[in-house]
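Written below as structure tokens is the structure these notes are about.
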There are 2 protein chains.
Amino acid sequence: MNIGEAAAHSRLPAKTIRYYEEIGLITPLRDLNGYRAFRSSDVHKLSFLGRARALGFSIEDCRTLLSLYEDQGRESAEVKMLARNQLTEVDRKIAALQAMRDTLAYLIDCCAGDHRPDCPILADLGAEAQPERSGATKRTV
Amino acid sequence: MNIGEAAAHSRLPAKTIRYYEEIGLITPLRDLNGYRAFRSSDVHKLSFLGRARALGFSIEDCRTLLSLYEDQGRESAEVKMLARNQLTEVDRKIAALQAMRDTLAYLIDCCAGDHRPDCPILADLGAEAQPERSGATKRTV
DNA sequence: GATAGGCCTTCCACTAACGGGAAGGTCAAG
DNA sequence: CTTGACCTTCCCGTTAGTGGAAGGCCTATC
């Protein structure tokens with residue numbers, strides 16, 4: 001199977017597949033003409049990688065997950081720990097984004113957004129460092 | 001004011017400040033010895049940048065915001081539009097992360113996480129492409 | 001005066017995870 | 001034979017900085 005077909009099956013771009021080979025995540029065979037020859041196990045791994053990446057696992061996490069996947073004697077505890085760490089990380093990111101979101105929404109709500117130059121958004125961004133003023137702006141940042 | 005002091009006041013690393021100068025976001029003066037000399041307006045801009053970045057605005061957005069901030073005749077509508085786009089972007093990211101989170105939490109919940117090799121997380125990652133099986137796993141990915 | 005340390009400078013390399021595009025080889029169809 | 005769709009490697013670019021080396025400057029101390 002050539003790279004194009006492998007890409008179609010795994011739903012990964014060919015560029016990504018070449019990259020994954022380069023960093024040693026997969027090692028497809030080679031045809032006599034130099035073309036990569038993907039076995040179904042390779043395509044399977046690629047799909048695995050695509051799913052793990054879609055769950056936000058880093059490449060290095062994926063490398064570990066893949067080796068655990070291949071290791072028939074692994075303990076599920078190790079995988080669960082990885083997943084839990086990933087969940088924590090995702091939660092952290094969500095919380096950070098949520099804080100941004102709230103501040104942004106608040107500022108947008110304050111801004112008239114018309115032809116006048118007065119803008120609470122810029123005013124807030126440019127405000128002096130927070131010397132613990134009471135109730136001026138909702139400064140989450 | 002030297003870069004160390006500017007860093008302390010703006011709460012940005014010196015490295016970041018040098019980078020911001022390099023890409024033209026600020027242009028501090030120079031002392032005779034070659035040291036950067038930051039005016040209070042420079043430090044003010046740096047704080048502005050720190051806040052805008054903390055809200056998730058890209059460097060290029062920050063460049064625009066800064067120029068709008070300096071432009072006394074700007075229309076607040078333009079700023080509001082930028083902020084709204086940013087809000088949309090943040091919402092998009094939150095939604096994506098939330099989907100990951102749900103799938104991860106589900107998989108973690110399914111996994112015994114003990115010394116046994118059976119692991120639903122790996123099983124799910126490695127499952128065949130979704131041929132619309134009914135009720136097998138909760139595949140969000 | 002010498003030296004130590006703590007600043008500051010520039011420059012280069014590196015990060016994550018690819019994407020774009022050039023230059024060129026291969027293959028099947030018409 | 002040519003065309004067009006594949007494939008190959010190689011190199012550069014992305015975002016927003018971070019790390020480190022080599023070296024200059026400044027102040028204090030011995």
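Values in this text are rule-based calculations from the coordinates and carry no lab data. Just so it is clear, the structure is predicted and the values come from calculations on it, not from any experiment. Here the Cβ positions follow ideal geometry from the backbone for every residue, glycine too, while neighbour counts run over all protein chains shown.
Assorted remarks:
- Test item: B:54-66 mean partner chain Cβ contacts at 10 Å: 3
- Across the alpha-carbon set of chain B, the Rg to Rh ratio works out to 1.25, Rh being the Kirkwood radius.
- Placing unit charges on the Cβ atoms of the charged side chains and taking the dipole of the protein assembly as shown about its Cα centre, the candidate lying farthest along the positive direction among B:113, B:52, B:83 is B:52.
- Within a Gaussian network of chain A (alpha carbon springs, distance under 10 Å), most fluctuating of A:20, A:106, A:69: A:106
- Size of electric dipole in chain B: Cβ of Lys, Arg +1 and of Asp, Glu -1, about Cα centre, debye, nearest 20: 340
- Among A:91, A:118, A:31, the largest mean-square fluctuation in a Gaussian network model of chain A, built with springs joining Cα atoms closer than 10 Å, belongs to A:118.
- Prolate/oblate/rounded label for segment A:77-126 (Cα gyration tensor, a/c 1.5): prolate
- Kirkwood-based shape ratio for segment A:3-74, expressed as Rg/Rh from alpha carbons: 0.97
- Cross-link pairs exceeding 21 Å in C-alpha to C-alpha distance, out of B:15/B:45; A:93/B:93; A:45/B:93; A:45/A:80, comprise A:45/B:93.
- Using alpha carbons only, the radius of gyration of the protein assembly as shown set against its Kirkwood radius gives Rg/Rh = 1.11.
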